[in-house]
1. Which one is nearest to residue 198 (Cα to Cα) among residues in region 114-165 that are touching a helix residue (DSSP H, G or I) at 6+ places or on another chain (Cβ under 6 Å) and assigned to a helix (DSSP H, G or I)?
2. Taking residue 260, is it in contact with a helix residue (DSSP H, G or I) (Cβ under 8 Å, 6 or more places away or on another chain) and closer than 25 Å to residue 139 by Cβ?
3. What residue, of 222, 234, 214, is in a loop (DSSP other than H, G, I, E, B) and more than 20 Å from residue 139 (Cα to Cα)?
4. Within 11 Å of the ligand (Cβ to nearest atom) and surrounded by 14 or more Cβ atoms within 10 Å (Cβ to Cβ): is that true of residue 161 in this structure?
5. Within region 167-190, is even one residue within 14 Å of the ligand (Cβ to nearest atom) and either touching a helix residue (DSSP H, G or I) at 6+ places or on another chain (Cβ under 8 Å) or not assigned by TED's automatic domain parsing to the domain that holds residue 127 (or both)?
6. Might you let me know whether region 167-180 holds any residue that is under 26 Å from residue 122 (Cβ atoms) and touching a residue at least 40 places away in the same chain (Cβ under 8 Å)?
7. Quickly run through region 250-267 and pick out the residues that are within 16 Å of the ligand (Cβ to nearest atom) and part of a loop (DSSP other than H, G, I, E, B).
8. Taking region 88-98 only, how many residues are within 9 Å of the ligand (Cβ to nearest atom), touching a residue at least 12 places away in the same chain (Cβ under 8 Å) and either in a helix (DSSP H, G or I) or out of contact with any helix residue (DSSP H, G or I) (no Cβ under 9 Å at 6 or more places or on another chain) (or both)?
Ligand SMILES: C[S@@+](CC[C@H](N)C(=O)[O-])C[C@H]1O[C@@H](n2cnc3c(N)ncnc32)[C@H](O)[C@@H]1O
């Protein structure tokens, strides 16, 4: 019996590997992790291909109920957790792997493309990226400055920075769950996906606070949307230009280039 951690790739149901499909078809329970990334298609298209039911796994489920929903059941039957992109493209799944192994569960990982390698299409050398960072939605009292710090350090070494942009999927509250259990209708807040424009606005906001001159209107930035989909967009320009550009529907991410080799410069033209 096995816990399969299966990468789904970046676009639609057909991006699963043959190995992944075989594994999923052998599973009794299948969960789709839906909070660190999204596919361009809904879970019904996956169910049609797999000929199996797929359940949506919330962040709470994967992080707090992993033991009872994933790890222990995988001692008795085959269980799959499907992850959009690659299994290790988000930091959360390493913890699950470690816990499952500690519990003596047989784990099989089936890799796929991730934003972390697909970003190579932009033309900047993958080997010349420094630390990856995440820009999160700030609120009135909270403006995390980590992305600014990461960009500053990477730039000082001439390295590029990939900025992943926040996804906020509202988890049902305790009250919601009680109301649901009573059969009452509960409307969840729609998910929020940070755009390239919002990400840049956050970086500018941190710059205003820090005043280290790391983020400027005339610096070059690259906005990327829906990589892996037929209508993907890559647009390079000054921060001021890109701030105004409409990248369309999610997902988006952002690159702050470091020192460019002339081949990288040509690729961006
Ligand atoms: C935690 S990361 C990636 C997780 C996924 N498991 C992977 O390996 O690609 C999620 C973030 O990456 C970026 N991202 C993921 N897929 C993308 C895509 N197809 N195009 C542009 N950005 C993407 C977005 O900023 C998104 O919020």
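The values are calculated or read from the model by the stated rules, or taken from the named source; none is laboratory data. Here the structure is a predicted model, which is why all the values come from computation and not from measurement. Please note: Cβ atoms are built from the backbone with ideal geometry, for glycine as well, and neighbour counts cover all protein chains shown.
1. Restricting to residues being touching a helix residue (DSSP H, G or I) at 6+ places or on another chain (Cβ under 6 Å) and assigned to a helix (DSSP H, G or I), the top hit is 148.
2. Numbers: in contact with a helix residue (DSSP H, G or I) (Cβ under 8 Å, 6 or more places away or on another chain): yes; closer than 25 Å to residue 139 by Cβ: no.
Criteria not met by residue 260.
3. Working: 222 fails: in a loop (DSSP other than H, G, I, E, B); 234 fails: in a loop (DSSP other than H, G, I, E, B).
The unique qualifying residue is 214.
4. Numbers: within 11 Å of the ligand (Cβ to nearest atom): no; surrounded by 14 or more Cβ atoms within 10 Å (Cβ to Cβ): yes.
No; evaluated as a whole, the condition is false for this residue.
5. The initial filter retains those residues of region 167-190 that are within 14 Å of the ligand (Cβ to nearest atom), namely 167-169.
The next check asks that each one be either touching a helix residue (DSSP H, G or I) at 6+ places or on another chain (Cβ under 8 Å) or not assigned by TED's automatic domain parsing to the domain that holds residue 127 (or both); those that pass are 169.
So far as region 167-190 goes, yes, one or more of its residues are within 14 Å of the ligand (Cβ to nearest atom) and either touching a helix residue (DSSP H, G or I) at 6+ places or on another chain (Cβ under 8 Å) or not assigned by TED's automatic domain parsing to the domain that holds residue 127 (or both).
6. Looking only at region 167-180, we keep the residues that are under 26 Å from residue 122 (Cβ atoms), and these are 167-168.
Next, from what is left, pick out any that are touching a residue at least 40 places away in the same chain (Cβ under 8 Å): 167.
Yes, region 167-180 contains a residue that is under 26 Å from residue 122 (Cβ atoms) and touching a residue at least 40 places away in the same chain (Cβ under 8 Å).
7. Of all residues in region 250-267, those within 16 Å of the ligand (Cβ to nearest atom) come to 250-256.
If the condition is that a residue be within 16 Å of the ligand (Cβ to nearest atom) and part of a loop (DSSP other than H, G, I, E, B), then 250, 251 are the ones that fit.
8. At the first step, the residues of region 88-98 found to be within 9 Å of the ligand (Cβ to nearest atom) are 88-93.
Right, trim to touching a residue at least 12 places away in the same chain (Cβ under 8 Å) and you get 88-90, 92-93.
Checking which are either in a helix (DSSP H, G or I) or out of contact with any helix residue (DSSP H, G or I) (no Cβ under 9 Å at 6 or more places or on another chain) (or both) leaves us with 90, 92-93.
Total satisfying the criteria: 3.
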